[in-house]
1. Contact list please: Cβ distance under 7 Å, first residue in region 43-62 and small (G, A, S), second residue in a helix (DSSP H, G or I) and at pLDDT 95 or above, pairs at least six apart or on different chains.
2. State the number of residues belonging to region 29-51 that are part of a helix (DSSP H, G or I), more than 10 Å from the ligand (Cβ to nearest atom) and within 16 Å of D6 (Cβ to Cβ).
3. So how many residues does region 19-28 have that are open to solvent by 30 Å² or more (accessible area, probe 1.4 Å) and near the ligand (Cβ under 8 Å from one of its atoms)?
4. Report, by residue number, each residue of region 52-62 that is among the aliphatic types (A, V, I, L, M) and either out of contact with any Leu (no Cβ under 9 Å at 6 or more places or on another chain) or away from the ligand (no atom under 12 Å from the Cβ) (or both).
5. Among the residues of region 1-18, write down those that are farther than 14 Å from A58 by Cβ, assigned to a loop (DSSP other than H, G, I, E, B) and within 11 Å of the ligand (Cβ to nearest atom).
6. Assess whether C54 counts as being open to solvent by less than 70 Å² (accessible area, probe 1.4 Å) and in contact with a strand residue (DSSP E or B) (Cβ under 7 Å, 6 or more places away or on another chain).
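The values are calculated or read from the model by the stated rules, or taken from the named source; none is laboratory data. Keep in mind that this is a model prediction, so the values were computed, not measured. Backbone-built Cβ (ideal geometry, glycine too); neighbour counts: all protein chains shown. To get the accessible areas, we keep the full protein, side chains included, count just its heavy atoms, and leave off ligands, DNA and RNA. Shrake-Rupley method; radii C 1.70, N 1.55, O 1.52, S 1.80 Å.
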Amino acid sequence: MRLVVDQGKCCGHARCNDRAPDVFALDDLGYAVAGEIEVPEGKEDAALAGARACPERAVTVV
Ligand code: SF4
């Protein structure tokens with residue numbers, strides 16, 4: 001499973017990281033690191049929860 005974080009939509013709520021800290025890295029300002037993420041095996045459910053928790057819909061499952 002891969003995800004994409006859209007930097008233009010991310011507002012730094014960090015809810016994605018709260019649900020899945022092993023999947024969503026944050027930068028120094030608390031924004032999700034943008035770009036493609038290869039979800040580690042066994043972290044798919046947490047990754048989906050993180051994507052769904054994003055109020056800006058900045059995370060897309062590809
Ligand atoms: S929850 Fe969404 S807006 Fe907030 S840091 Fe994560 S990707 Fe960005």
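1. So the pair list comes out as A46/R19; A49/R19; G50/C16; G50/R19; A51/C16; A53/R15; A53/C16; A53/R19.
2. First pass over region 29-51, keeping only residues part of a helix (DSSP H, G or I): 44-51.
If we keep only those that are more than 10 Å from the ligand (Cβ to nearest atom) too, we end up with 44-49.
Subsequent filtering for residues that are within 16 Å of D6 (Cβ to Cβ) retains 47.
Here the count works out to 1.
3. As a first pass, look at region 19-28 and keep what is open to solvent by 30 Å² or more (accessible area, probe 1.4 Å): 19, 21-22, 25-28.
The next check asks that each one be near the ligand (Cβ under 8 Å from one of its atoms); those that pass are 26.
Total meeting the criteria: 1.
4. Restricting attention to region 52-62, the residues satisfying the condition of being among the aliphatic types (A, V, I, L, M) are 53, 58-59, 61-62.
Across region 52-62, the qualifying residues are A53, A58, V61, V62.
5. Narrowing region 1-18 to residues farther than 14 Å from A58 by Cβ: 1-2, 18.
So of that shortlist, the ones also assigned to a loop (DSSP other than H, G, I, E, B) come out as 1.
Matches in region 1-18: none.
6. no
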